[in-house]
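Asker: Quick one: structure below, then a few questions.
Readers should treat all values here as calculations from the given coordinates under stated rules, not as data from a laboratory. Note that the structure is predicted; figures quoted are calculated from it, not measured. Here Cβ is always computed from backbone atoms with ideal geometry, including for glycine, and neighbour counts include all displayed protein chains.
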Amino acid sequence: MADVFPYFQPAAGVPFEAIGDGGTMPEGNATAPIGVFDSGAGGLTILTALRRELPDENFIYLGDTAHCPYGTRSESEIIDLSIRAIRFLIEQGVKLVVVACNTASLAALNTLRATFQVPFVGVVPALERAARLTRRGRIGIAATDQTVKSPYLRQLMNEFAGGIHISAVGCPELVTLVERGILDGPLAEETVQRALQPLLKEYVDIIVLGCTHFPALRPLIERVVGQDVQVIDSAMAVARRTCSVLTAEALMQPVHPDHRVFSQLQVWCSGDPFAFSNVVSSLLGHYTLVQQTRPEREPYGVNPY
């Protein structure tokens, strides 16, 4: 059985769902693409929200599938892998990076901002929104093991969920389902039921999806938890924050009134591109070509073969 980490926080806080920007780019980069980074396929749920909010922008997505999942790794490993991934995206000429991974955002975002001179947007569990919505004062967080143990998560709970009982549970098996493209069916339903049962036993009325992989399973999760439990995530908050940062930094893609330029998407991964292409195509709803970075011995360089 998964471990449940209950918290009771006495402090109040202020709204906060997406971690803001850091760093600046030289002028003239508005036409450059936005980089989106995740340990694997989970960030595609953020990418979908970004493309809906910013239809004129171009995107480069990187899934570090050779090292997924991040949630079972140490903080130092996550920081190292994140630095290497961001370096690759910057080499591709991105103007802003969305760290579309809760685990990497909590562990590495401060280091990334100190290392690279581009704006960053990160993602954290939507605790502020959950605190507004809960009727029973009992919130569940489904996340990765690393996120559940993170001191920063405890800080967020102190700041944004005062007086509310919070239970957090690590669900690495749900990451595995998404990475394998198993989004429904008996195996997926049994796995989701087993993973979330500790939260349901706490009589929560809100479950926060604290890993960007989990919204890919949202229809199944909502079916398992029932109508009395509301399921929320941070995808649209991240998309709105990205729009705000682009505007503040004068990096919004210019739109020409005489003609519309169709946005472009590149998808990269550090592992098997064929397997990842199947997952990406399933989640995005259309066939998507995936390019592979170099093997681990030459981290994140382009594989020319």
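Asker: Using helices alone, I'd like the mean residue ellipticity at 222 nm for the chain: each DSSP H run of four-plus residues gives -39500 (n - 2.57), total over residue count, nearest 500. Kindly include the intermediate steps, with their values, before the conclusion.
Answerer: Working: 11 runs with 120 residues, N = 305.
About -12000 deg cm²/dmol.
Asker: Classify region 80-229 from the C-alpha gyration tensor, please: rounded if a/c falls under 1.5, else prolate or oblate depending on whether a/b exceeds b/c.
Answerer: Here region 80-229 falls in the oblate category.
Asker: Now for a different question. Just round it to a whole percent: the fraction of Cα-Cα distances in the chain exceeding 26 Å.
Answerer: Cα-Cα pairs in the chain separated by more than 26 Å: 42 percent.
Asker: Calculate, in nm to one decimal, what T176 and Y287 gain on full extension: separation in residues at 0.36 nm each, minus their alpha carbon distance.
Answerer: Fully extending the segment from T176 to Y287 adds 37.8 nm.
Asker: At a Förster distance of 25 Å, what's the computed FRET efficiency of T111 paired with D272, Cβ-Cβ distance as r, to 0.05? Provide the component values of the computation, followed by the final result.
Answerer: Numbers: r = 28 Å, r/R0 = 1.13.
Result of the calculation: an efficiency of 0.30.
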